[in-house]
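Report on the structure given below.
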Amino acid sequence: MASTFSNTGLELIATGEQSGTWGSTTNTNLQIIDRLTNGVGAISLTGTTHTLTTTNSGSATLSDGQYAVLVFGGTPSGTNTVTISPNSIQHVYIVKNNSGQSVVLTQGSGGNVTVANGKSAIVYANGAGAGAAVVDVTNTFNFQPLTATLTAIGALAVTDGNIIVGDGSTWVAESGSTARTSLGLGSIATQDANSVSISGGSITGITDLAVADGGTGASDAATARSNLGAGTEFIVATNQTPTGSSYADFTGLPSTVKEIEVYLQEISTNQSSTAELRMQLRVGGSAILSGYTSTSIMNTVAYTSSAGFVIGNNSAVNNVTGIIRIVQAASGVWVSSHSAKVGSTYASYGGGIITGVGTVDGIRVSTSSGTFDGGSVSISYR
């Protein structure tokens, strides 16, 4: 029975064949296996075509097509087409092209692979006959091609403390203050954790610092004041100029109001004789006009009133400027105190109380006679 041959030209000796000569055939087979596994073949190209043959008939024969690695060289006159023959063999090749020209690997009509000069590839021939194809498996590998920027990084010194930054055209190694400048870091980057100095700027996006650690435990003013026991912030109402009226009403105060301050700014009336300025709480949308026990002292003269928290004034020429503070002392109980400048030479001070008051929703500033003819009044509350 005659020998048969493998895809890559190994001679498969039939039983009982080649008595006395099988050793030579076997040695050639082993050499073919060596080429198939780690053989590097230098393939010299000329012109524009070359046939890469694998002998797989007749007898075991070494051929160039059996090499695992093909290194193309020579002096081709242009792009060189290398035909893998026969078109029925299957083979994997590692290809390196040093020929000075592009090399096109082909086996049939199914597809070719071009390896540019100076490049390498891993390809396989599928041995499909007339429609055989050569396939580049390198294209399916996921790797970063070598570029000028990678080369630049590889050439940088590995000095301790260096960092890699871009300078607008390539990668460079920087350290110390130069690196901090490139990274946009200020002087705080060089400070010790237990000795940090911050001047100017702002800090956002941090966890609220607890009161025990010197913070407020809050990120808004109202909560901070509450945490620090500082009370609620005063809310300032719109300033009024009540000229021509006998009163100025401030309405819409919240039901939680506990403290009201009234600010008189050179307020005056068209009174012809002694008259009073009165601060009257509003409940249920109406001013409380009685029930007060209130006293104001001006130039040793006492003015008393049950119609409001009073500031005495003994003359129309005396403009009044001052502050009246009205506070809820207990449920339904409101007390007041005031100090004011009356005219250019007098001072007024005093206080008062009213009990049985419901939910306060405003305050009225009024005159006991006449109307206001100058100045303004405003309030704040909390």
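The values are calculated or read from the model by the stated rules, or taken from the named source; none is laboratory data. What you see is a predicted model, and the numbers here were worked out from it, not measured in a lab. All Cβ positions, even for glycine, are placed from backbone atoms using ideal geometry, and neighbour counts span all protein chains on display.
One table, with the values for the structure above:
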| item | result |
| --- | --- |
| Out of 113, 135, 104, sole residue that is more than 12 Å from residue 81 (Cα to Cα) and either over 47 Å from the mean Cα position of the chain (by Cα) or in the same structural domain as residue 83 (by TED's automatic domain parsing) (or both) | 135 |
| Test result for residue 103, surrounded by fewer than 22 Cβ atoms within 10 Å (Cβ to Cβ) and aliphatic (A, V, I, L, M) | no |
| Positions within segment 279-293 being in contact with a Phe, Trp or Tyr (Cβ under 7 Å, 6 or more places away or on another chain) and either hydrophobic (A, V, I, L, M, F, W, C) or part of a strand (DSSP E or B) (or both), in sequence order | 279, 281 |
| Residues being more than 30 Å from residue 184 (Cβ to Cβ) and either among the polar types (S, T, N, Q) or not in a helix (DSSP H, G or I) (or both) - total across segment 129-166 | 14 |
| Pair list, Cβ under 7 Å, 6 or more apart: segment 233-247 residue touching a residue at least 40 places away in the same chain (Cβ under 8 Å), other residue among the hydrophobic types (A, V, I, L, M, F, W, C) and exposed (fewer than 13 other Cβ atoms within 10 Å of the Cβ) | 233/221; 233/222 |
| Residue list for segment 306-318, restricted to those being surrounded by 13 or more Cβ atoms within 10 Å (Cβ to Cβ) and out of contact with any Gly (no Cβ under 6 Å at 6 or more places or on another chain) | 306, 307, 308, 310, 311, 312, 313, 314, 315, 316 |
